[in-house]
Amino acid sequence: MKALIEAAFAKPVSELGESEQALFQQFKAGLNRGAWRAAEPNPSAPTGWSVNAWVKQGILLGFRLGQIVDMSVDSHRQPFFDKATYPVKQFNASSGVRIVPGGSSIRDGCYLGRGVTCMPPMYINVGAWVGDGTMVDSHALIGSCAQIGANVHVSAAAQIGGVLEPVGALPVIIEDEVMVGGNCGVYEGTVVHRRAVLGSGVILNRSTPVYDLVHERVMTANGDDPLEIPPEAVVVAGARQISQGVGRQWGISLYTPVIVKYRDGKTDSKLQLEDLLR
């Protein structure tokens with residue numbers, strides 16, 4: 001499949017035809033099964049993850065192949081128009097995914113494990129991978145190609161950014177048992193390692209350093225490497241003073257995430273209630 005997708009992706013749009021359409025449908029079926037992922041665990045990689053650029057190429061191929069069609073259930077009351085290659089994903093009761101009624105949307109070409117709970121309204125984009133037992137809460141977004149582990153809670157209004165292009169860039173990674181608090185934003189290929197806790201309103205991206213008060217270090221994204229949040233870190237929204245220039249004179253502070261501790265029994269007892277919602 002990898003070689004076939006790479007060959008089709010290299011063709012100009014004018015040369016794409018029925019054989020590429022059939023190839024894409026096979027590829028998308030694999031995405032829906034979780035057979036291939038935009039990124040996957042790799043213990044030998046510095047971050048523990050490696051990118052599958054060809055999978056991103058396959059997703060982009062689908063956009064090139066698709067024509068805009070009317071997907072409206074009722075074209076007068078609520079019209080929808082999108083690429084024919086990416087309708088909504090189909091589920092049934094045997095899928096083991098709980099989709100609570102109320103305006104959620106899950107695009108075709110993503111994987112949701114058994115026991116995933118989707119609270120309305122939420123959105124999961126193409127190429128995403130969501131592990132077993134994860135909860136995606138109201139108004140939450142899981143962007144294209146984001147990789148979400150098992151038993152994660154993506155709380156209300158949290159935004160997990162998508163990284164589809166460039167194809168070689170690592171998407172956002174949220175590992176197993178992470179708690180993503182309400183109104184959090186995780187962007188630009190950030191890796192949040194296992195059992196970390198992001199307090200409400202934490203924003204993580206490549207441009208903002210993270211201050212680890214426990215280990216007395218400042219964590220940043222260097223070069224092409226992503227920002228990484230260590231396993232079991234508890235991160236809250238903080239501020240740092242501007243140390244020079246007019247910003248110092250005016251007493252201005254800038255937002256920054258702060259690691260205030262690492263998970264302990266007290267943290268676990270607070271999060272234990274989340275299991276009752278699944």
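Would you be able to say whether some residue in the range 116-137 is modelled with pLDDT under 95 and farther than 20 Å from Ala38 by Cα? Checked against the condition, which is being modelled with pLDDT under 95 and farther than 20 Å from Ala38 by Cα, the range 116-137 yields no hits at all. Among residues of the range 254-271 that are modelled with pLDDT of 70 or more, those with a Cβ under 8 angstrom from a residue that is of a type in the set (D, E, K, R) and surrounded by fewer than 17 Cβ atoms within 10 Å (Cβ to Cβ), sequence gap 6+ or separate chain, pair up as Leu254/Arg240; Thr256/Arg240.
One line per residue, one yes/no per condition, for (1) touching a Phe, Trp or Tyr at 6+ places or on another chain (Cβ under 9 Å); (2) exposed (fewer than 14 other Cβ atoms within 10 Å of the Cβ):
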| residue | (1), (2) |
| --- | --- |
| Gly34 | yes, no |
| Ala38 | yes, no |
| Ser44 | no, yes |
| Gly48 | no, no |
| Ala53 | no, no |
| Gly58 | yes, no |
| Leu61 | yes, no |
| Gly66 | yes, no |
| Val73 | yes, yes |
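Residue check: is Asp132 surrounded by fewer than 23 Cβ atoms within 10 Å (Cβ to Cβ) and closer than 21 Å to Ile59 by Cβ? Judged against the criteria, Asp132 is not a match. Evaluation of Val152 against the conditions (1) modelled with pLDDT under 95; (2) farther than 30 Å from Glu6 by Cβ; (3) not charged (D, E, K, R) shows that the sole unmet condition is (1).
Annotation for the range 198-208: no member residue is assigned to a strand (DSSP E or B), among the small types (Gly, Ala, Ser), more than 18 Å from Pro171 (Cα to Cα) and at pLDDT 95 or above. I'm checking my understanding of the structure. Among residues of the range 221-257 that are of a type in the set (Gly, Ala, Ser) and under 25 Å from Asn183 (Cα atoms), which one is surrounded by the most Cβ atoms within 10 Å (Cβ to Cβ)? Here the answer is Ala233. I'd like to know if the range 183-195 contains one or more residues that are touching a helix residue (DSSP H, G or I) at 6+ places or on another chain (Cβ under 8 Å) and surrounded by 16 or more Cβ atoms within 10 Å (Cβ to Cβ). Within the range 183-195, none of the residues are touching a helix residue (DSSP H, G or I) at 6+ places or on another chain (Cβ under 8 Å) and surrounded by 16 or more Cβ atoms within 10 Å (Cβ to Cβ). Note on the range 59-109: among residues that are part of a strand (DSSP E or B) and among the acidic types (Asp, Glu), the one that is nearest to Ala3 (Cα to Cα) is Asp82.
If you go through the range 33-58 and keep only what is touching a Cys at 6+ places or on another chain (Cβ under 7 Å) and in a helix (DSSP H, G or I), you end up with just Lys56.
One residue stands out among those in the range 107-118 that are touching a residue at least 60 places away in the same chain (Cβ under 8 Å) and farther than 18 Å from Glu165 by Cβ: the one that is surrounded by the most Cβ atoms within 10 Å (Cβ to Cβ), which is Tyr111. Count of the range 119-177 residues, restricted to those that are of a type in the set (S, T, N, Q), in contact (Cβ under 8 Å) with a residue 24 or more places away in the chain and part of a loop (DSSP other than H, G, I, E, B), is 4. Can you find even one residue in the range 210-220 that is surrounded by fewer than 19 Cβ atoms within 10 Å (Cβ to Cβ), closer than 30 Å to Asn52 by Cβ and out of contact with any Gly (no Cβ under 7 Å at 6 or more places or on another chain)? Yes.
The values are calculated or read from the model by the stated rules, or taken from the named source; none is laboratory data. Since the model is a prediction, treat every value here as computed from it, not as a measurement. Cβ coordinates were reconstructed from backbone atoms using ideal geometry, including for glycine residues, and neighbour counts include every protein chain displayed.
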